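*Asks:* This is the structure I have questions about; it appears just below.
The values are calculated or read from the model by the stated rules, or taken from the named source; none is laboratory data. Note that the structure is a prediction, hence the values are computed from the model and not measured. So basically every Cβ, Gly included, is an ideal-geometry build from the backbone, and we count neighbours across all protein chains shown. All accessible areas refer to the heavy atoms of the entire protein, side chains included, with ligands and DNA or RNA removed. Shrake-Rupley method; radii C 1.70, N 1.55, O 1.52, S 1.80 Å.
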Amino acid sequence: MTDTLTIPRPDDWHLHLRDGAMLQGVVAHTAAHFARAIIMPNLVPPVVTGADAAAYRDRIMAAVPASMTFEPLMTLYLTEATEADDVAQAQASGLVKAVKLYPAGATTNSQSGVSNFDNVQGVLERMAEIGLPLCVHGEVTDADIDIFDREAVFIDRVLDPLRKRVPGLRVVMEHVTTADAVAYVQADTGGNLAATITTHHLIINRNHILAGGIRPHYYCLPVAKREKHRLALRSAVCAGDDRFFLGTDSAPHTDAAKLLPCGCAGIFTAPNTMSCLAHVFEEDGALAALEGFASRNGPAFYKLPVNTATMTLTKQSDPVLYPEFIETGAGNVTVFDPGFDLFWRVES
Ligand code: NCD
Ligand code: ZN
């Protein structure tokens with residue numbers, strides 16, 4: 001039985017750190033395990049310009065405990081007013097590693113997102129020229145599309161036409177949740193398309209949210225789908241397909257904001273993600289593929305070096321205990337409960 005696994009230190013290619021007291025409360029949970037993370041720009045107001053991103057990076061670095069090393073990889077929130085020159089400068093300076101596309105209204109704090117794609121064509125063309133990836137929240141927002149179909153419809157109606165209009169654009173489909181998205185990524189042979197997958201979407205399906213009582217802590221966007229879709233995600237990552245990599249989408253909201261008649265979308269997985277993932281990959285007989293998923297495929301797509309530092313995970317016979325919630329200055333934040341005991345512990 002394998003009971004120790006050492007991998008290059010992982011990175012998180014999709015993370016929400018928020019700001020202020022929440023940032024202070026959550027950043028160490030990511031920095032404890034991850035060397036770098038792609039930082040989502042959906043603050044209020046959003047991180048739109050290079051100057052916004054530089055200021056946000058400084059606030060993040062100020063919140064990282066002195067004993068830890070962590071590199072935030074900044075992103076810009078694409079709006080219809082985004083200027084191509086500002087984006088190009090932010091990339092050239094090394095500050096920004098991707099631009100984030102939220103369709104207007106798709107998710108938490110996405111009201112500044114894009115409605116008319118004609119208005120971002122110039123920026124996307126410049127990004128294709130300079131090789132700057134576009135991270136896409138892939139859901140249509142039309143009221144007449146069922147929420148469980150929004151990702152699949154987005155691929156047909158928005159993403160595929162967009163990629164044809166901007167040849168050469170490097171695209172990360174974020175937090176994919178469907179067999180349709182897996183198939184779309186796998187059908188591409190051009191090398192410009194990849195996808196992130198969250199920890200929780202490898203573990204829960206929509207029954208976990210809705211059967212036997214409603215469970216707000218399993219509600220996130222894109223919402224978890226049917227079991228067959230979860231299994232398609234598991235097959236893709238456990239097969240070691242290098243177009244898929246970890247983006248936890250760890251999205252902290254206070255319990256007070258989750259447990260409302262209209263509660264926020266987001267699952268906080270930063271503390272126990274690596275224990276959960278080791279469990280999942282081992283369960284599918286694919287522990288050897290965890291290294292690619294968490295540590296190698298992301299840097300390869302982003303053309304960044306693999307981390308030289310390492311992480312060792314050890315399997316123990318007693319369950320590894322994680323707190324039910326963490327306390328932050330903004331309020332308590334519930335930690336993702338995978339629904340089974342975890343035995344893989346992060347040593348260092
Ligand atoms: C994210 C958030 O809370 O910012 N929520 C979520 O359910 N994933 C937004 C997002 O990534 O969609
Ligand atoms: Zn997210």
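*Asks:* Need one number: % antiparallel among DSSP beta bridges in the chain, to the nearest 5.
*Replies:* Numbers: 12 of 38 bridges.
If we restrict to bridges inside the chain, about 30 percent are antiparallel.
*Asks:* A further question follows. Taking the chain as the reference, fit the longest principal axis to its C-alpha atoms, fit the long axis of helix 273-283 to the helix C-alpha atoms, and give the angle between the two in degrees, 0 to 90, nearest 10.
*Replies:* 70 degrees
*Asks:* Which one of Thr312, Phe268, His201 is farthest out on the positive end of the charge dipole of region 4-346, using unit charges on Cβ (Lys, Arg +1; Asp, Glu -1) and the Cα centre as origin?
*Replies:* Looking along the dipole axis, the top candidate is Thr312.
*Asks:* So what is the relative contact order of region 4-346, in percent, for Cα pairs below 8 Å that sit 6 or more residues apart? List each step's numbers first, then the result.
*Replies:* Numbers: 699 pairs, mean separation 68.7, N = 343.
Dividing the mean separation by the residue count of region 4-346 yields 20 percent.
*Asks:* Which one of Thr178, Ala152, Gly191 has its Cα pushed farthest toward the positive end of the charge dipole of region 137-202, where Lys and Arg give +1 and Asp and Glu give -1 at the Cβ?
*Replies:* Gly191
*Asks:* Same structure again: If one computes the Cα centroid of region 48-116 and of region 255-306, what distance in Å separates the two points?
*Replies:* Region 48-116 and region 255-306 have Cα centres spaced 21 Å from each other.
*Asks:* In whole percent, how big is the carbon plus sulfur part of the accessible area of region 130-270, probe 1.4 Å, protein atoms only?
*Replies:* Details: 2810 of 5190 Å².
Its accessible area is 54 percent carbon and sulfur atoms.
*Asks:* Find out how many positive minus negative residues lie around Asn307, taking Lys and Arg as positive, Asp and Glu as negative, among other residues whose Cβ is under 13 Å from that of Asn307.
*Replies:* On the way: positive: Arg9, Arg36, Arg296; negative: Asp11, Asp12, Glu71, Glu291.
Net of charged neighbours comes to -1.
*Asks:* So what is the calculated 222 nm ellipticity per residue for the chain, using -39500 (n - 2.57) for each DSSP H run with n of 4 or more, over all residues, to the nearest 500 deg cm²/dmol?
*Replies:* Values: 12 runs with 103 residues, N = 348.
Value at 222 nm, helices only: -8000 deg cm²/dmol.
*Asks:* Angle, helix 121-130 long axis vs. longest principal axis of the chain, Cα atoms, 0 to 90°, nearest 10?
*Replies:* Here the helix axis deviates by roughly 70 degrees.
*Asks:* For the chain, take the longest principal axis of its alpha carbons; what is the angle in degrees between that and the long axis of helix 50-63, to the nearest 10 within 0 to 90?
*Replies:* 20 degrees
*Asks:* Report the charge-dipole magnitude of the chain in Debye, nearest 20, computed about the Cα centre from +1 at each Lys and Arg Cβ and -1 at each Asp and Glu Cβ. Walk me through the numbers before you get to the answer.
*Replies:* Details: 27 positive and 40 negative charges, 45 e Å.
Taking the Cα centre of the chain as origin, the dipole is about 220 debye.
*Asks:* Considering only protein heavy atoms, what per residue accessible area in square angstrom results for the chain with a 1.4 angstrom probe? Don't skip to the end; give the middle numbers.
*Replies:* Values: 13600 Å² over 348 residues.
Result: 39 Å² of accessible area for each residue.
*Asks:* Using +1 on the beta carbon of Lys and Arg, -1 on that of Asp and Glu, and nothing else charged, what's the dipole of region 205-348 about the Cα centre, debye to 20?
*Replies:* 560 debye
*Asks:* Listed highest first by mean packing, meaning other Cβ atoms within 10 Å per residue, what order do 256-268, 200-212, 131-143 come in?
*Replies:* Values: 256-268: 16.1, 200-212: 18.2, 131-143: 20.3.
Per-residue Cβ counts within 10 Å, averaged per peptide and sorted highest first, yield 131-143, 200-212, 256-268.
*Asks:* Also, I was wondering about something else. Among Phe70, Phe117, Ala288, which residue has its Cα furthest toward the positive end of the charge dipole of the chain, with +1 on Lys/Arg Cβ and -1 on Asp/Glu Cβ?
*Replies:* Comparing the listed Cα positions along the dipole, Ala288 ranks first.
*Asks:* Compute, for region 107-258, the length of the dipole vector about the Cα centre, with Cβ point charges of +1 (Lys, Arg) and -1 (Asp, Glu) only. Units Debye, rounded to 20.
*Replies:* Details: 16 positive and 19 negative charges, 69 e Å.
About 320 debye.
*Asks:* Leu287: net charge of surrounding residues, Cβ under 13 Å, Lys/Arg +1, Asp/Glu -1, itself excluded?
*Replies:* -4
*Asks:* Can you order the peptides 7-15, 75-83, 181-189 by their average number of other Cβ atoms within 10 Å per residue, highest first?
*Replies:* On the way: 7-15: 24.8, 75-83: 20.1, 181-189: 16.8.
Sorting 7-15, 75-83, 181-189 by mean packing, highest first, produces 7-15, 75-83, 181-189.
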